[in-house]
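Readers should treat all values here as calculations from the given coordinates under stated rules, not as data from a laboratory. These figures come from a predicted structure and were not determined experimentally. So basically every Cβ, Gly included, is an ideal-geometry build from the backbone, and we count neighbours across all protein chains shown.
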Amino acid sequence: EKLTVFAPATIANLSCGFDVLGLALDGIGDILHLELTPEPGVSITRVTGADIPLETDRNVAGIAGMAFLEAATGYSGGVRIEIEKRIAPGSGIGSSAASSAGTVWGLNQLLGEPFGLPDLVGFAMKGEALASGAAHADNVAPALYGGITLVRSSHPLDIARVHCPEALHACILHPQIELKTSDARKVLRTSIPLSKGIRQWGNVGGLVTGLFTEDFGLISRSLEDCIIEPVRSLLIPGFDTLREAALAAGALGFGISGSGPSVYALTHGADTAEAVSRALGKAYDAIDIPYTLHHGPV
Ligand code: HSE
């Protein structure tokens, strides 16, 4: 049997929700073609759109697929995968997560859904560990569940869906510079002052409450990150200029997408997303780095 899967790009972290809050983007993602094979194991036959290894143990889809197959005790065959990478690796919108999530989701469909979504997140996280050096679930969870998710705990896994207001739109600007997640994690301090913790978890609570109640003012006030962003933003040329441009054009909030270098803005409605996207592009035209822009519903 064969299946073609769309695996969405994701924004995770959502500012204050470092490693816990993420959202899936509608309309931007990888395409995976899966075919069950009598031979066991995962064979990645082709990757287009990015220069990434085909070897099973060096490819996130290979690792996630193997984790799935090892747990699927009722199935002794394997899978052949072709990946159309439409999300640039290293862009900060969940490129590795999309391939891992798409693989395990597709396998699960082909084999009659032996696993639930939390299990699939666990398998896909194995791929994330290869890509970033840390098995975080904030990208794979929204890629698999859709919408917005909260990873309350990674060990053991405990994932909750968060309400996603229909009017919520996202804009992404991807500067064409490479920033590895593993490097962007190494620059972070491992301890924080209590005062910053208090501010951050106030914002996380505010953001989740704002999403559930569709209180866009509360969402806007809560889209702040006083811990990670001040450190990582130094690695993104033009970050402050972009923030000013996004907020002046009416964005609810602005921040780093994942570990960067992409930045994102959330908006209330498609028209504002359009305006914010234009403003971001205009602001970055003044900086001598090529970029790509995307905006659309969450
Ligand atoms: N939560 C991770 C980080 C996401 O910010 O390091 C990386 O894609």
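A simple spin-label model places pseudo-atoms 7 Å from Cα toward Cβ; at ARG152 and LEU247 they are separated by 3.3 nm. Of the peptides 156-162, 175-181, the order by per-residue mean of other Cβ atoms within 10 Å, starting with the highest, comes out as 175-181, 156-162. Within straight-line reach of LYS196, meaning a Cα separation under 28 Å, sit the following lysines at least 8 residues removed in sequence or on another chain: LYS180, LYS186.
If you take every residue apart from ASP158 with its C-beta less than 14 Å away from the C-beta of ASP158, what net charge results, scoring Lys and Arg +1 and Asp and Glu -1? Present the calculation step by step, with values, prior to reporting the outcome.
Values: positive: ARG152, ARG161; negative: ASP19, ASP119, ASP138.
Surrounding charge for ASP158 is -1.
The label-point distance for LEU234 and ILE287, in a model that sets each label 7 Å from Cα toward Cβ, rounds to 1.6 nm. Taking a ≥ b ≥ c as the square roots of the Cα gyration tensor eigenvalues, with a/c under 1.5 meaning rounded and otherwise prolate when a/b beats b/c, else oblate, which class fits the stretch 190-284? Verdict is oblate for the stretch 190-284. Each DSSP beta bridge with both residues in the chain is either parallel or antiparallel, and the antiparallel ones are about 85%.
Rounded to the nearest 20 debye, the dipole magnitude of the chain is 560 debye, with +1 charges on Lys and Arg beta carbons, -1 on Asp and Glu beta carbons, and the Cα centre as origin. Distance between the C-alpha centres of the stretch 172-215 and the stretch 1-48: 23 Å, rounded to the whole angstrom.
Does the stretch 30-160 come out rounded, prolate or oblate, given a ≥ b ≥ c as the square roots of the eigenvalues of its C-alpha gyration tensor, rounded meaning a/c under 1.5 and, failing that, prolate meaning a/b above b/c? Write out the running numbers ahead of the final one.
On the way: a/c = 1.70, a/b = 1.12, b/c = 1.51.
In terms of gyration-tensor shape, oblate.
According to the square roots a ≥ b ≥ c of the eigenvalues of the Cα gyration tensor, what is the shape class of the stretch 83-196, taking rounded for a/c under 1.5, prolate for a/b larger than b/c otherwise, and oblate for the remainder?
Working: a/c = 1.42, a/b = 1.27, b/c = 1.12.
Note, shape of the stretch 83-196 comes out rounded.
Listed by chain and number, the aspartates and glutamates whose C-alpha is less than 16 Å from the C-alpha of LYS2, apart from same-chain residues fewer than 8 away, are GLU35, GLU39, GLU82, GLU84, GLU113.
May I ask you to compute the full-extension gain from GLU214 to LEU188, defined as 0.36 nm times their residue separation minus their alpha-carbon distance, rounded to one decimal in nm?
The GLU214-LEU188 span can extend by a further 6.1 nm.
In the stretch 20-63, which residues have a backbone nitrogen under 15 Å from the label point lying 7 Å from LEU3's Cα in the Cα-to-Cβ direction? Hits in the stretch 20-63 for LEU3 at 15 Å: 31-37. Model label points for ARG221 and LEU36, set 7 angstrom from Cα along the Cα-to-Cβ axis, are 5.4 nm apart. Computed over the chain with a Gaussian network model linking Cα atoms closer than 10 Å, the most mobile of HIS268, HIS33, HIS155 is HIS155.
On a full-extension model of 0.36 nm per residue, what is the gain between LYS180 and THR45, subtracting their alpha-carbon distance, rounded to one decimal in nm? Present the calculation step by step, with values, prior to reporting the outcome.
Numbers: separation 135, 0.36 × 135 = 48.60 nm, distance 2.53 nm.
Computed gain between LYS180 and THR45 is 46.1 nm.
Only Cα pairs under 8 Å and 6+ residues apart enter the sum, and on that basis the relative contact order of the stretch 15-162 stands at 30 percent.
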